[in-house]
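Following: one structure in structure tokens, then a few remarks.
Nothing in this text is a laboratory measurement; each read-out follows from the coordinates by a stated rule. Just so it is clear, the model here is predicted, and its values are computed rather than measured. Glycine also receives a Cβ, built like all others from the backbone with ideal geometry; neighbour counts cover every protein chain displayed.
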Amino acid sequence: PQQDEPPPFLGSWKRVYQAIGIYLVTVIVLFWVFKRSFTP
Amino acid sequence: MKTLDWVVLFSTLTAIISYGLYRARGQQTTSQYLLAGRTMPWYAMALSIMATQASAITFISTTGQAYVDGMRFVQYYFGLPLAMILISVTAVPLFHRANVYTAYEFLEKRFDARVRALVSCVFLIQRGLGVGMALYAPAVVLTVILGWSEQWTILLMGCVAILYTVLGGIKAVTWTDFQQMLVMTVGMIIAFGTAISLLPPGVGFTDALRVAGAAGKVNPVTFNFDLNDRYNLFSGLIGGMFLALAYFGCDQSQVQRYLTGKSITQSRLSLLFNAVAKIPMQFFILLTGVMVFAFYTFQAPPVLFHAEKLTALQGTPGFSRIESEYKEKWQARRLAAEQMLAAETPETVERYREAHREAEAVRREALTAAKATDTNYIFLSFVTQYLPAGVVGLVMAVIFGAAMSVIAGEINSLATVSVIDLYQRFLKPQASDSHMMWASRLLTLFWGLYAVGTAQLGKTFNLSLIEAVNLLGSLFYGGLLGVFVLAFYVKHVTAGPAFWGVICGEIAIFAAARYTDIAFLWWNVIGCVVVIVSAIILQAFRGRQPATS
């Protein structure tokens, strides 16, 4: 219920979904690196 | 608490509440009282959304949880960013355009009054069960840590929250939340910095992380898939997303925050800010708990952080052995930690882990003897014993503020649903706006007094019973989410199948909770799916009925 309401930024909802996907993957990778760095 | 702490605590809270009431002055209509006249900017809504979610007990126990169980609790929020976008795309524009006061009002426009009444009552039961707990739980901890009277702590927190909520409505609640989140951020940064500065000479931030990491505390992501395990990547991404969808999309205490937005864009911005900020915020709070763990690796911790239980057990002969044994094991662990930091080899790491396991085994023995957990007491015990004067008062202001912002948000939303979805809809449909305004104030007062009353009853019952009642409240989210998914996405389902779908979904959740060990994050997934599937099947059956008869 997407076409007529553009998001506040990034121009389209598809880009917002992509951005949040990249954000989540980055967070998970950073957490994994953080865990590996300090767990001998 | 020293004199300076009392000054900081009361001046901070007075400033926060005065500002909230100042911003809320001059309200004349029900729309202004319950929805701030739809004039709120995104940043005020964003911080209010975060403050409503971050209760005092969440704040106290998250740091304690990092001490006991490590950082894996942060995965609980992995599904939240995606949920925020889904709500921004669907619920926000639909609610705004329908010009509703409550999410459940929308259900009547989509289905019928029966579905609206059912879901409103589910919300009132669910929130009504939890609202007393939100006051009682932090009061219990403050009573033990600070030696205050439980009764007066509940009265103080409850009455102040009632005062500004009844007088200022949602505008006062939102601006008070806004200030409280700023104070909370400052308080947490200072507590975190102080915890690092209290580490012994020669032990830095990364050394503290190595000590905590070797003990298995630095685990913000875990990849094991296990339905019975509360926090892992999969339960967080899938179960966490469903929980966030239900909480932010269907719970009036959250929906009302973003219904106050001056436009659809402002409301969306508030949710999208939450999508990005929530995980780092929780990570930081958990990291503070990890620093407290590292601090107590080098500074002798009590065998129990629950001071009341510790004092009660200290006279018993068996417990003296446990205490002296724990001190011995802690010293061995500290020595092993120092050796590991001096030279990290597989041998020194294994020696440290073995010493940590032995110390934890003795602590578990003490917890068994006390018949209690002490997770909620760890952080405040550290704060009151080791943080400098003034900072303790600031952290207490954070705890008080968090408790009050949750109570204020809940009694405000309970009153809104009572007035709009039940009183006005079924009892006084022709009531004037000034009548509704007074009804809103009186019902806010009623729910506030109800919260204080049920929190006071907590002393009569035991805490585990109160926690069980609170858990019972969380069983309703799956059904709520299911009916809203039907409303937004499954256009051919009508009111009857939706009504019975909710009933089927709730039965499924209660069965999963009662007869299986499935972790609670999955209950919402089960409930939501059962609501949708059963409603679609009932609709298909209903569609065929005339032909077969």
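Per residue, the Cα convex hull of the stretch B:152-201 amounts to 67 Å³. Annotation: aspartates and glutamates with alpha-carbon distance below 20 angstrom to residue B:217 (same-chain offsets under eight excluded): B:69, B:207, B:226, B:229, B:338, B:344, B:347, B:350, B:354, B:358, B:360, B:374. For chain A, the direction-averaged projected area of the alpha-carbon convex hull comes to 3.6 nm². Normalised by 2.2 N^0.38 Å, where N counts its residues, the alpha-carbon radius of gyration of the stretch B:253-369 equals 1.66. In this simple spin-label approximation, residue B:445 and residue B:385 carry label points 7 Å from Cα along the Cα→Cβ vector, and these lie 4.6 nm apart.
Based on the Kirkwood approach, the hydrodynamic radius assigned to the stretch B:1-109 is 17.8 Å, with every pair of different Cα atoms included. 3J(HN,Hα) along the stretch B:96-104: 5, 5, 6, 6, 9, 8, 10, 5, 6 Hz, from the Karplus curve 6.51 cos²θ - 1.76 cosθ + 1.60 with θ = phi - 60°, whole Hz, x for Gly and Pro.
For peptide A:8-17, the mean count of partner chain Cβ atoms within 10 Å of a residue's Cβ comes to 3.
Per residue of peptide B:214-222, the mean number of Cβ atoms on other chains within 10 Å of the residue Cβ is 4.
The mean number of Cβ atoms from other chains found within 10 Å of a Cβ in peptide B:326-339 is 0, as a whole number.
Rounded to the nearest 0.05, the FRET efficiency derived from the C-beta distance between residue B:7 and residue B:514 at R0 = 51 Å is 0.50. Taking 0.36 nm per residue of sequence separation and removing the Cα-Cα distance, the residue B:428/residue B:263 pair yields an extension gain of 56.4 nm.
Inter-part distance, the stretch B:37-84 to the stretch B:355-427, computed on C-alpha centroids, equals 13 Å.
Rounded to the nearest angstrom and listed largest first, the equivalent-ellipsoid semi-axes of the protein assembly as shown from its Cα gyration tensor are 42, 28, 23. Rounded to the nearest Hz, the phi-derived 3J(HN,Hα) couplings of the stretch B:126-142 under the Karplus curve 6.51 cos²θ - 1.76 cosθ + 1.60 (θ = phi - 60°) are 4, 6, x, 5, x, 5, x, 4, 5, 8, 5, 4, x, 4, 4, 5, 5, where x marks glycine and proline. The angle between the Cα long axis of helix B:240-250 and the longest principal axis of the Cα atoms of chain B comes to about 40 degrees, rounded to the nearest 10. The label-point distance for residue B:373 and residue A:23, in a model that sets each label 7 Å from Cα toward Cβ, rounds to 3.0 nm.
The angle separating the long axis of helix B:150-197 from the principal Cα axis of greatest extent in chain B is about 40 degrees.
Each residue, residue B:347 and residue B:151, gets one label point 7 Å from its Cα in the Cβ direction; the gap between the two is 6.3 nm.
For the pairs A:35/B:278; A:14/B:491; B:2/B:371; B:278/B:491; B:278/B:309; B:171/B:491, note any where the Cα-Cα span goes beyond 27 Å. Where the Cα-Cα span goes over 27 Å, the pairs concerned are B:2/B:371; B:278/B:491; B:278/B:309; B:171/B:491. Evaluated at q = 0.06, 0.09 Å⁻¹, a Debye calculation over the C-alpha positions of chain B (equal weights, vacuum) places log10 I(q)/I(0) at -0.31, -0.69.
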